[in-house]
Amino acid sequence: KSLFIPVLAGALVTCGGCRHNTEESPQPLSQYDEVRFSTYAAEKLLEAGVPTLIADSYDQRFDGEEISRLYESGISPGEANAYGERFNDGDAIIKLAGKTTPEEARVYDEKFGEYDILYLINNGIKPETANLYTKFSPINIKYLLVVGISPSVANSYDKQFTNYQIISLLDAGISPEAANKFAELNRKFWTRISAEEIVIFQNNGILFNEI
């Protein structure tokens, strides 16, 4: 005659036949790739309810925390992966997703990082415009556009000159050709003639060949 003894977990152990139900339920975390995801990352995926196949479908550049946030934000693996390897920050992709498509984001020049692109988009600067300013950061591009300096003019000045210095040079009527002579002089003789000094020379009628 078998005797059934209740145990804490609610299972029954049959003693008469000496058959013990020793099988344990699989741990939920074990469903995730333990090579790719740490225990902490797996916990985040589990909390977000990310199915195993979907978690594995996100590119390797995304960790478990990023995948959980991408998934909760409604961004599929296909959409996240489409941004390309330049966009390796899941949080940046979440912010970009509501403002542009992966295809549009990739049009921006490679020199721009994901947060650069987010800044440009937030300020209404299209890639067709931003890409023309070859020597300037997004913040400087915005400033140059505000004051009305075109890419062709800004790019004509030597890389030594910042956007603010270019404005000073233009206000003083100093062309890129004239200003760039001083920049070349600085490189050749290790001098440090600034844009401000060039303006002073101009205002005092001092020519380049007189220096």
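For a quick check of your reading of the filter: which chymotrypsin sites (Phe, Trp or Tyr not before Pro) in the range 110-211 sit in a DSSP loop and have no more than 16 other Cβ atoms within 10 Å?
Numbers: sites: Phe112, Tyr115, Tyr119, Tyr133, Phe136, Tyr143, Tyr157, Phe161, Tyr164, Phe182, Phe189, Trp190, Phe201, Phe208; in loops: Phe112, Tyr133, Phe136, Tyr157, Phe161, Trp190.
Those that pass, being in a loop and sparsely packed, are Trp190.
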Excluding exposed DSSP-loop GluC sites (Glu not before Pro) (at most 12 other C-beta within 10 Å), longest clean stretch of the chain: 111-211
Principal-axis tilt of helix 176-189 within the chain, Cα atoms, nearest 10 degrees: 80
Label-point gap, in nm, between Asn186 and Thr101 - each point 7 angstrom along Cα→Cβ: 4.4
Express in % the proportion of alpha carbon pairs of the range 70-138 at distances exceeding 16 Å. 40
Which one, Tyr71, Tyr40, Tyr108, has the greatest fluctuation when you compute a Gaussian network model over the chain with C-alpha springs under 10 angstrom? Tyr40
Probe 1.4 Å, all protein chains present, accessible-area order of Thr191, Thr39, Thr100, largest first: Thr39, Thr191, Thr100
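Per 0.36 nm of contour for each residue apart, how much would the distance between Lys135 and Glu72 grow if the chain were fully extended, relative to their Cα-Cα spacing?
Details: separation 63, 0.36 × 63 = 22.68 nm, distance 3.80 nm.
This chain segment gains 18.9 nm when fully extended.
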Place a label point 7 angstrom from the Cα of Asn123 along the Cα-to-Cβ direction, then list the residues of the range 80-116 whose backbone nitrogen is under 13 Å away. 116
Mind checking which lysines have their Cα closer than 20 Å to the Cα of Lys181? Skip sequence neighbours fewer than 8 apart in that chain. Lys135, Lys159
Using 7 Å Cα-to-Cβ label points, what is the Ile206/Val147 separation (nm, one decimal)? 2.3
Students often get this wrong, so try it: which of (i) -0.41, -0.65, -0.73, -0.86; (ii) -0.53, -0.73, -0.79, -0.89; (iii) -0.25, -0.47, -0.56, -0.76 is log10 I(q)/I(0) by the Debye sum over Cα atoms at q = 0.08, 0.11, 0.12, 0.14 Å⁻¹ as calculated from the structure shown? (ii)
Sorted largest first, extent of the range 110-172 alpha carbons per principal axis (Å): 35, 20, 16
Theoretical ellipticity at 222 nm over the chain - DSSP helices of four or more residues, -39500 (n - 2.57) apiece, nearest 500: -13000 deg cm²/dmol
Cα gyration tensor shape of the range 68-192, rounded if a/c is under 1.5, else prolate or oblate by comparing a/b with b/c: prolate
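The values are calculated or read from the model by the stated rules, or taken from the named source; none is laboratory data. Keep in mind that what you see is a predicted model, and the values were worked out from it rather than measured. Heads up, the Cβs are rebuilt from the backbone with ideal geometry, glycines too, and the neighbour counts pull from every protein chain shown. What goes into the accessible areas is simple: the full protein's heavy atoms, side chains included, and nothing from ligands, DNA or RNA. Shrake-Rupley method; radii C 1.70, N 1.55, O 1.52, S 1.80 Å.
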